[in-house]
Amino acid sequence: MLGRGCDQQPGGPIVRVRRTRRAAVLGASLVCASALTACAPASSANTVNLYSAPEENLQQNVDRCNAESGGRYNIVYHKLPRDADGQREQMVRRLAAGDTGLDILYLDVTWVGEFAEAKWIREWTGQDKADVERGTLQGPLQTATWDGKLYAAPKNTNVQLLWYRKDLVPEPPETWQEMIAGAQRLKQEGKPHWISLTGAQYEGVYVHFNTLVESAGGRVISEDGRTAVVDDGAVQAMQALRDLGTAGVTSASMNNAKEDDARQEFETGQAAFQLNWPFVYASMVEKKPELVDKVGWARLPGLRPGVPSKSTIGGANYAVSSYSTKPDLAFEATKCLRNPESQKFSALNDGVPPTIESVYAEPEMAAEYPMRDTILEALKDPGVRPVTPAAQNVSTVLSKMLSPIGEIDPQPTAVRMRTEVQNALESKGVMP
Amino acid sequence: MVQQQDALPVAKAISEGKKAERKLGWLLCAPAALVMLAVTGYPVLYALWLSFQRFDLKYPDQREFVGLDNYITVLGNGYWWTAFGVTVLVTVVSVAIEFVLGMGLALIMHRALVGRGLVRTVTLIPYGIVTVVAAFSWRYAWTPDTGYLANAITPDGAPLTEHASALAIVVLAEVWKTTPFMALLLMAGLALVPDDLLKAAAMDGAGPWQRFVKVMLPVMKPAILVAVLFRTLDAFRVFDNIVVLTSGAQDTSSVSVLAYNNLIKGLNLGIGSTMSVLIFIAVALIAWIFVKLFGTAAPGSDDKGRR
């Protein structure tokens, strides 16, 4: 990983002597390798450093924005590590040290509260705020808000759907219990019957829990993100998870399964249902085309008949670092990077659903996103995870208590959950 | 090294030249000593200082001095003791197995008649593989459907998702990885055993087992203790295998994993530093026990280091 994020930028000052330049690059790489120091390459006044997750075609959006700006700013795209923890760690470490080399930050929807409370990112105000809010879906916008103020611009969103085998189950189940019963029936008939989901002890299990809590109209954390509630709805959600864990309709390794494991289980044809993000569709088209025609999609199953579920939304936001030395350029560049044109391009080429509603109606979307109406429907009635600075701690504590799902004991767990979540919110307890 | 020089018996009257030489010695080693203080002393002291504070990067305004509160929190917490138990268990079991296997390997390598170099090289391969890489291959091997081991041993179980079997796999991965290291240190110890001694014992009628227990083991004792000490300290800090294999799920976190989670993921510098300090104390305690009670000598030092 030598020199990650230290790519020499085009348009930087030209170094005349070759040897000096090589030495400089090597030196920069070594400094980077220590991973403690800022490694911004010598930059000109209009450089805006974007730190974003690796996305195959993001560079094309960057290039387009740079061209459109007519030289006012020059965005340089630095790739963060691939996994969410690694991305967060790199940014946190550098922000905690007051690094001025970061301008635009890529934040998972659950990190905004934390970065805002720690004063690492700038608030969006005035015209910039109005520009971001215009046409943006409410759910994603909520994830970018902390303490009533807008701290980030929603870049892309995401929502899980229920993927089911139309050839085995004619109608998608509406409730969680119905889905389990359907799977058990298939099992008796000796047909593919697994329900594939992210059951591993990490954020993935929290996502399902949150969907169920929200669908039951319950709460784990108060509206303002400061107190643990864990009400009756949360208990119902735990019961539902436990019922699935003990129903005998999941794979043996479900308790270790993350997104990609769940996808694989479904692609091997052993599963009848899958609760997962839309990326699984693109993968199926590529790897198991014979399965595609047999697969239908619907909103996730809810808890009560007739009441649709509230799916937990994911996705990412762009924020401007408090330590940025050119915030005006950074705000402007961010707006370009997440405008309708950029979002459409990313949706079509990198498979990330847009946060701006009008993009869904674009004609090109039909081919890549046959399920776009279902996604939009779920997005308009979302289950947003509670925004709190301690989101990471809460997620860790909850996933610990909810894993393995088959061994959840709802009532006593709820009591423990209240204490431990409260501790996590106050950064008092020990994270498991 | 310099200290050793220093410890040499000094003649009563030191000549001018000797004095200058000693002064020069101090001067020469000063930069190294200062660097050591800066890179190891300072972080340790800073961690100690942080452990007395409530300090969470997420709430920069609420930083305050809390005395021993963090220690009370950590030491009164179930997660910490579970992790501590796991760490001790993994340490004891893996070091015990490694010692037996390592001794066997060392004997084989020591006595190998043909291809001695080849045998030694082959044995060392696991130690040369990056732990994380090896851990990933273990993880895939133990995952049902994709792995060759999971289904071979348990037809429809997923061993990595159960507490006991997951721990057993962690221990196995540790043993596989570090037995060669143990064997290497023990082989150095075997070289200390004079052939004459063994021949004499054989002449006196001692069988192979008696020669091993009564002659070889006592002579090898310093080497054995050093090998076991090193591995114990290492095993106590077990981290990468656990993170890759289970990420600490099903109560398989070690204390290092817990400290990492609180410090790096949770950004709670107070609690995280407290755990680091506690781990430091535990490691220091292990070293102290080995040196004081068992009389382990530091490698390179003579008998005086022992009791």
Within the range A:196-271, which helices (runs of 4 or more DSSP H) (wholly inside it) include 3 or more residues that are acidic (Asp, Glu) and either within 12 Å of chain B (Cβ to nearest Cβ) or over 28 Å from residue B:166 (Cα atoms) (or both)? A:259-267
Of the residues that make up the range A:174-185, is at least one basic (Lys, Arg), under 14 Å from residue A:405 (Cβ atoms) and either more than 14 Å from chain B (Cβ to nearest Cβ) or within 25 Å of the chain's Cα centre (by Cα) (or both)? no
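Answer yes if at least one residue in the range B:122-139 is part of a loop (DSSP other than H, G, I, E, B), in contact (Cβ under 8 Å) with a residue 12 or more places away in the chain, within 13 Å of chain A (Cβ to nearest Cβ) and basic (Lys, Arg), and no otherwise. Give the derivation first.
Residues of the range B:122-139 that are part of a loop (DSSP other than H, G, I, E, B), as a first pass: B:129-130.
Then drop every residue that is not in contact (Cβ under 8 Å) with a residue 12 or more places away in the chain, which leaves B:129.
Next cut, within 13 Å of chain A (Cβ to nearest Cβ) only: none.
Taking every residue of the range B:122-139 in turn, none turns out to be part of a loop (DSSP other than H, G, I, E, B), in contact (Cβ under 8 Å) with a residue 12 or more places away in the chain, within 13 Å of chain A (Cβ to nearest Cβ) and basic (Lys, Arg).
Pull up the range B:140-161, narrow it to residues that are in contact with a Phe, Trp or Tyr (Cβ under 7 Å, 6 or more places away or on another chain) and assigned to a helix (DSSP H, G or I), then point me to the one that is surrounded by the fewest Cβ atoms within 10 Å (Cβ to Cβ). Show your work before the answer.
Just the residues of the range B:140-161 that are in contact with a Phe, Trp or Tyr (Cβ under 7 Å, 6 or more places away or on another chain), to begin with: B:141, B:146-147, B:149-150, B:159-160.
If we keep only those that are assigned to a helix (DSSP H, G or I) too, we end up with B:141, B:150, B:159-160.
On the way: B:141: 16, B:150: 24, B:159: 21, B:160: 25.
In this case the residue turns out to be B:141.
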Among the numbered conditions (1) more than 14 Å from every other protein chain (Cβ to nearest Cβ); (2) touching a Gly at 6+ places or on another chain (Cβ under 9 Å), tell me where residue A:405 comes up short. (1)
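Among the residues of the range B:32-72, which ones are among the polar types (S, T, N, Q) and surrounded by 12 or more Cβ atoms within 10 Å (Cβ to Cβ)?
Just the residues of the range B:32-72 that are among the polar types (S, T, N, Q), to begin with: B:40, B:51, B:53, B:62, B:70.
Matches in the range B:32-72: B:51, B:53, B:70.
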Output the number of the condition that residue A:399 fails; it satisfies all remaining conditions of (1) touching a Phe, Trp or Tyr at 6+ places or on another chain (Cβ under 7 Å); (2) not in a helix (DSSP H, G or I). (2)
Go through the range A:367-392 and give me each residue that's over 16 Å from the mean Cα position of the chain (by Cα), aliphatic (A, V, I, L, M), under 13 Å from residue A:158 (Cβ atoms) and assigned to a loop (DSSP other than H, G, I, E, B). A:371
What are the residues in the range A:315-344 that are surrounded by fewer than 18 Cβ atoms within 10 Å (Cβ to Cβ) and out of contact with any strand residue (DSSP E or B) (no Cβ under 9 Å at 6 or more places or on another chain), if any? A:325, A:328, A:341
Residue under question is residue A:229, and the condition is that it be hydrophobic (A, V, I, L, M, F, W, C) and within 19 Å of residue A:142 (Cα to Cα); does it hold? no
Only one of these conditions is not met by residue B:174: (1) over 18 Å from the mean Cα position of the chain (by Cα); (2) part of a helix (DSSP H, G or I). Which number is it? (1)
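Enumerate the helices (runs of 4 or more DSSP H) found wholly within the range B:186-275, keeping only those where 2 or more residues are free of Cβ contacts under 8 Å to residues at least 60 places away in the same chain and surrounded by fewer than 19 Cβ atoms within 10 Å (Cβ to Cβ).
On the way: elements: B:195-203, B:217-236, B:240-245, B:255-260.
Ranges flagged: B:195-203, B:217-236.
Working carefully through the options A:66, A:57, A:74, find the one that is in contact (Cβ under 8 Å) with a residue 12 or more places away in the chain and surrounded by 17 or more Cβ atoms within 10 Å (Cβ to Cβ). Break it down into steps so the answer makes sense when it comes.
Details: A:66 fails: in contact (Cβ under 8 Å) with a residue 12 or more places away in the chain; A:57 fails: surrounded by 17 or more Cβ atoms within 10 Å (Cβ to Cβ).
Just one listed residue meets the conditions, A:74.
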Testing residue A:391 on (1) among the hydrophobic types (A, V, I, L, M, F, W, C); (2) within 11 Å of chain B (Cβ to nearest Cβ); (3) surrounded by fewer than 20 Cβ atoms within 10 Å (Cβ to Cβ), one condition comes back false. Which one is that? (3)
In the range B:243-261, how many are under 19 Å from residue A:203 (Cβ atoms) and either among the hydroxyl-bearing types (Ser, Thr, Tyr) or more than 10 Å from chain A (Cβ to nearest Cβ) (or both)? 7
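Give the residues of the range A:114-137 that are free of Cβ contacts under 8 Å to residues at least 60 places away in the same chain and either touching a Lys or Arg at 6+ places or on another chain (Cβ under 8 Å) or within 14 Å of chain B (Cβ to nearest Cβ) (or both), sorted by residue number. Don't jump to the end; show me each part of the working.
Step one: list which residues in the range A:114-137 are free of Cβ contacts under 8 Å to residues at least 60 places away in the same chain, which gives A:123, A:125-127, A:129-130, A:133-134.
Correct list: A:123 only.
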Among B:263, B:278, the single one that is more than 26 Å from residue B:162 (Cα to Cα), modelled with pLDDT of 95 or more and hydrophobic (A, V, I, L, M, F, W, C) is B:278
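Report the residue count in the range A:368-388 for those that are more than 20 Å from residue A:214 (Cβ to Cβ) and within 10 Å of another protein chain (Cβ to nearest Cβ). I'd like the intermediate steps shown before the answer.
To start, the set of residues in the range A:368-388 that are more than 20 Å from residue A:214 (Cβ to Cβ) comprises A:368-373.
Subset that is within 10 Å of another protein chain (Cβ to nearest Cβ): none.
Matching residues across the range A:368-388 total 0.
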Checked against (1) in contact with a strand residue (DSSP E or B) (Cβ under 8 Å, 6 or more places away or on another chain); (2) at the interface with another protein chain (Cβ under 10 Å from one of its Cβ atoms); (3) at pLDDT 90 or above, residue A:397 satisfies every condition except (1)
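Is one or more of the residues making up the range A:77-93 farther than 24 Å from residue A:314 by Cβ and either buried (at least 21 other Cβ atoms within 10 Å of the Cβ) or of a type in the set (Asp, Glu) (or both)? Give the steps one after another, and end with the answer.
Going through the range A:77-93, the residues farther than 24 Å from residue A:314 by Cβ turn out to be none.
Checked against the condition, which is being farther than 24 Å from residue A:314 by Cβ and either buried (at least 21 other Cβ atoms within 10 Å of the Cβ) or of a type in the set (Asp, Glu) (or both), the range A:77-93 yields no hits at all.
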Count - residues of the range A:245-264 that are within 25 Å of the chain's Cα centre (by Cα) and surrounded by fewer than 23 Cβ atoms within 10 Å (Cβ to Cβ): 6
So, in the range A:402-412, how many residues would count as being part of a helix (DSSP H, G or I) and surrounded by fewer than 19 Cβ atoms within 10 Å (Cβ to Cβ)? 5
Checked the range B:70-79 for anything in contact with a Lys or Arg (Cβ under 9 Å, 6 or more places away or on another chain) and within 9 Å of chain A (Cβ to nearest Cβ); matches are B:73, B:79
Which numbered condition residue B:286 fails, given (1) in contact with a His (Cβ under 9 Å, 6 or more places away or on another chain); (2) more than 13 Å from chain A (Cβ to nearest Cβ): (1)
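The values are calculated or read from the model by the stated rules, or taken from the named source; none is laboratory data. Given the structure is predicted, the values throughout are model-derived calculations rather than measurements. A quick note on method: Cβ atoms are made from the backbone with ideal geometry, for glycine too, and the neighbour counts reach across all protein chains shown.
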